[in-house]
Amino acid sequence: MRQTEQETQEQRAEKDRDFMQTPNAWPQWPMLPVKRVVNGQMQVGTMMETSDSSPGVQPVVYLKNMYQRYPLWHEVEKLEYIDFEGVTDDGWKVD
């Protein structure tokens, strides 16, 4: 990977982290669609602001398209992260 591509990816990750941590800027608040590529396949997810969404709160990605009616949110697999850097390190980007 060339240096400029790596810098661009790092800049994108930083921009995504900043946006993920600013729920009041999310166009579809309280939900934020995210995506990543896993084994060559696009995977979609949704982050949600909760009443606990404040600095120090651990982010969660629900493996569900935010517009899907079923399965219900409490039935969906979710990935919990220690911090937002972990979310972007795992390949998630704001969709």
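FYI, it's all coordinate maths here, none of it is from the lab. None of the values given here were measured: they were computed from a predicted structure. Neighbour counts run over all protein chains shown; Cβ positions are idealised from the backbone, glycine included.
Judged by the gyration tensor of its Cα atoms, with axes a ≥ b ≥ c, region 3-94 is oblate; a/c meets the 1.5 cut and b/c is at least as large as a/b.
For the chain, a Gaussian network of Cα nodes joined below 10 Å ranks 21, 58, 11 by mean-square fluctuation, and the top entry is 11.
A straight Cα-to-Cα reach below 20 Å connects residue 93 with the aspartates and glutamates 5, 7, 10, 14, 16, 18, 49, 77, 80, 83, 85, residues fewer than 8 places away in its own chain not being considered.
In the chain, the DSSP-assigned H stretches of four residues or longer account for a calculated mean residue ellipticity at 222 nm of -8000 deg cm²/dmol, using -39500 (n - 2.57) per stretch and the full residue count as denominator. Given springs between every Cα pair under 10 Å in a Gaussian network model of the chain, which of 30, 71, 59 has the largest fluctuation? Among 30, 71, 59, the largest GNM mean-square fluctuation belongs to 71. Summing Cβ point charges (Lys, Arg +1; Asp, Glu -1) relative to the Cα centre of the chain gives a dipole of roughly 420 debye.
The chymotrypsin sites (Phe, Trp or Tyr not before Pro) of region 31-95 that meet both conditions, a loop assignment by DSSP and at most 10 other Cβ atoms within 10 Å of the site Cβ, are 67. Among 12, 69, 17, 36, the ranking by other beta carbons within 10 Å of each residue's beta carbon, starting with the fewest, stands as 69, 12, 36, 17.
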